[in-house]
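The values are calculated or read from the model by the stated rules, or taken from the named source; none is laboratory data. Since the model is a prediction, treat every value here as computed from it, not as a measurement. We place every Cβ from the backbone using ideal geometry, glycine too, and count neighbours over all the protein chains shown.
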Amino acid sequence: MRWPCLSVALLAFSQAALPAPAIGSCPVFPSNHYWNTPVDTLAVHPSSNAWVNSIGATTRLHPDWGNVLADNYGIPFVTVAANQPIVPITYGAYPDESDLTSAPIPPSAPVEGGLSSDGDRHVLVVDTSQCILYELYRAFPLNGGTSWRVDSSARFDLRSNALRPAGWTSADAAGFAIFPGLVRYDEVLGGEIQHAIRFTASRIWGRNNGQPYYLWPARHWSGSGTDPNTPPMGARFRLKASFDISGFDARTQVILRAFKKYGLVLADGGSNWYFQGVSDERWTDRVLNELKSIAGGNFEAVDTSLMMIDPNSAASRQEGSPSGTNYQALWWRSPATAESGWGVNITHQGDILFATWFTYDATGAGQWFVMSNGNRTSDGVYSGTVYRTNGPSLDATPWNPQLVTYQDVGSATFAFADASNGTFTYTIEGVTQSKPITKFVFASPVPTCVSGGAPATQPNYSDLWWRSPAASEAGWGVNIAHQGDVLFATWFTYDASGRPLWLVMSSGTRIAPGTYSGTVHRTTGPAFSANPWNPSLVAYAQVGSATFSFSDANNGTFEYTVNGISQSKPITRYVFSSPTTVCQ
């Protein structure tokens, strides 16, 4: 929508999101996932010296893999295709924190340490047809591998930032996936490792004030240690920027650059400064020995708390995200349902909020206002001019954007206390009010929205959409909130007299991949300025139906029948600043 005062130059993203690491055609988690987010600019953790000393400042690193495959060293993995048979899985321990009763595990899947090992016996399987990672702990093949007995199992969608339930372990003590933290020779051959690397330590802080203790996004603790001078699960370390890597082999330098940029993540108990990878005959003794020459004192712990956007998601704040937290969502009065019947759709790109407020005028008819250029004035605070618009009827053919007019009716400020709560203050035509707001949750899972990054393989459609090609019908649009298999779509348009009209599809259900349908309602309610605002006065009238069919993450078709009139329009996401937002 081309709105007044939106002559905003695109904001430079100081560091564009890097592509995610990959295996086959699958990402190894999204590019904004914790494992794939650089930490080279984060502050040093206050406990850095104590933690490094507890692991060993003079203790040297140890690459926990080799170049002789017969030694069964390192953590192996195998990829499978869609035709891999599913086999049953039974448990010797931890079934209550495991995901699998069956999985596509090949009979010959490599076992960490070999078939006769009495160690962790990890088995890692990547289904590259579905981008699903299966990980087993203490895995034993039965009857020639036609079934497996394990102590624990975990399943990870490599396209998702989802975390395991808090308190759950995985095949790793910390509840992490193992595969994304391994060093693979092909990455070194490609010249860059684009993720953090897992490592172990022997003394771990596992209890704090009697409670299990670990750092986001770890989901599980290790042991019962109570010493805060030892690191907890999830602690992250990086090679100091001052460490000179110029004299090392070029292949070693690839790993050392990853140590500096992405760091090491404490993921399991074990020998100090042992970091894990995949054995490969192409590794040279020189590279392995050079890695063994580096002392732990060359590392420092980093404070990763600022990376967290949502404690239940691995999506991480990216460098260059102008305001850190992203507020793109459908919001309503807090506490939830207190004033059910009105709301504000916020689209967040760069340092700009585009807010569409659907409410009612003095007669009770639907009325919408727009703050099309809400500028960030301080951390978590955005302010801008509010407009009321008039334009051609929703069924006009052709629909002429030149007939859209704008009237300045006031101003608004959004001040957010955290990612899910804030205050909406406005002055409209001389009326000033302030209301607490919270995100509207109507289905599960609720997506996490972040600034920058590429859409997931299975995209989330939460965004502001308009007619395609862009600007061809500037002046109307559809805000979509996408949670689980449900779309909540608010359509901002005009009635036959040209007055603002909003219609809502509050429960658009998924009827096929990328296709959502539902009934469309028109509502009436108390004037936006009513005090108190009584939700029992809101009335709903069904006026038709709508279907959204998406051809890809950024384009689709909006088909509707409203008051007996049927139309179909191509739509695309509305881009007004940079970086744009990705919800997943």
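Quick rundown of the values:
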{"quantity": "Residue count for the range 393-430, restricted to those that are assigned to a strand (DSSP E or B), within 24 Å of the chain's Cα centre (by Cα) and either hydroxyl-bearing (Ser, Thr, Tyr) or loosely packed, with under 13 Cβ neighbours inside 10 Å (or both)", "calculated": "2"}
{"quantity": "Which numbered condition TRP168 misses (of (1) part of a loop (DSSP other than H, G, I, E, B); (2) within 22 Å of GLN84 (Cα to Cα))", "calculated": "(2)"}
{"quantity": "Those residues of the range 532-584 which are among the aromatic types (Phe, Trp, Tyr) and in a strand (DSSP E or B), in sequence order", "calculated": "TYR540, PHE548, PHE550, PHE558, TYR560"}
{"quantity": "Check on ILE89, outside any strand (DSSP E or B) and modelled with pLDDT of 95 or more", "calculated": "no"}
{"quantity": "GLY518 vs. criteria crowded, with 17+ Cβ neighbours inside 10 Å, in the same structural domain as GLN458 (by TED's automatic domain parsing), within 24 Å of the chain's Cα centre (by Cα) and over 30 Å from SER434 (Cα atoms)", "calculated": "no"}
{"quantity": "THR79 being among the hydroxyl-bearing types (Ser, Thr, Tyr) and not in a loop (DSSP other than H, G, I, E, B)", "calculated": "yes"}
{"quantity": "Single unsatisfied condition, PHE156 versus (1) part of a loop (DSSP other than H, G, I, E, B); (2) modelled with pLDDT of 95 or more; (3) hydrophobic (A, V, I, L, M, F, W, C)", "calculated": "(1)"}
{"quantity": "Within the range 217-247, tally of residues that are touching a helix residue (DSSP H, G or I) at 6+ places or on another chain (Cβ under 7 Å) and surrounded by fewer than 15 Cβ atoms within 10 Å (Cβ to Cβ)", "calculated": "4"}
{"quantity": "Filter result (surrounded by 15 or more Cβ atoms within 10 Å (Cβ to Cβ) and outside any loop (DSSP other than H, G, I, E, B)) within the range 61-76", "calculated": "HIS62, PRO63, ASP64"}
{"quantity": "Test for THR523: is it farther than 30 Å from ASN32 by Cβ and in a strand (DSSP E or B)", "calculated": "yes"}
{"quantity": "Of residues in the range 355-392 being among the hydrophobic types (A, V, I, L, M, F, W, C) and out of contact with any Phe, Trp or Tyr (no Cβ under 6 Å at 6 or more places or on another chain), the one surrounded by the most Cβ atoms within 10 Å (Cβ to Cβ)", "calculated": "MET371"}
{"quantity": "Residue that is surrounded by the fewest Cβ atoms within 10 Å (Cβ to Cβ), among those in the range 1-30 that are within 13 Å of ASN161 (Cβ to Cβ) and modelled with pLDDT of 90 or more", "calculated": "PRO27"}
{"quantity": "Unmet requirement for PRO335, which otherwise passes all of (1) more than 16 Å from ALA419 (Cα to Cα); (2) over 25 Å from the mean Cα position of the chain (by Cα); (3) not β-branched (Val, Ile, Thr)", "calculated": "(1)"}
{"quantity": "Residue in the range 174-190 that is of a type in the set (D, E, K, R), in a loop (DSSP other than H, G, I, E, B) and surrounded by 24 or more Cβ atoms within 10 Å (Cβ to Cβ) present", "calculated": "no"}
{"quantity": "Contacts under 6 angstrom Cβ, first residue in the range 486-503 being farther than 13 Å from THR523 by Cβ, partner crowded, with 22+ Cβ neighbours inside 10 Å and β-branched (Val, Ile, Thr), 6 or more apart", "calculated": "LEU487/ILE480; ALA489/VAL478; ALA489/ILE480; PHE492/THR356"}
{"quantity": "Sole exception among (1) out of contact with any Leu (no Cβ under 6 Å at 6 or more places or on another chain); (2) under 24 Å from TYR426 (Cβ atoms); (3) buried (at least 16 other Cβ atoms within 10 Å of the Cβ) for ASN534, by number", "calculated": "(3)"}
{"quantity": "Residue match in the range 528-549 (condition: in contact (Cβ under 8 Å) with a residue 12 or more places away in the chain and touching a helix residue (DSSP H, G or I) at 6+ places or on another chain (Cβ under 8 Å))", "calculated": "no"}
{"quantity": "Positions within the range 328-351 being within 24 Å of THR37 (Cβ to Cβ) and surrounded by fewer than 22 Cβ atoms within 10 Å (Cβ to Cβ), in sequence order", "calculated": "ASP351"}
{"quantity": "One residue from THR572, THR523, THR547, THR561 being of a type in the set (Ser, Thr, Tyr), assigned by TED's automatic domain parsing to the domain that holds GLU473 and at pLDDT below 95", "calculated": "THR572"}
{"quantity": "The range 205-216: number of residues that are surrounded by 20 or more Cβ atoms within 10 Å (Cβ to Cβ) and either in a strand (DSSP E or B) or touching an Asp or Glu at 6+ places or on another chain (Cβ under 9 Å) (or both)", "calculated": "2"}
{"quantity": "Residue satisfying condition, being under 23 Å from ALA336 (Cα atoms) and of a type outside the set (S, T, N, Q), within set ALA512, ALA496, ALA481, ALA471", "calculated": "ALA481"}
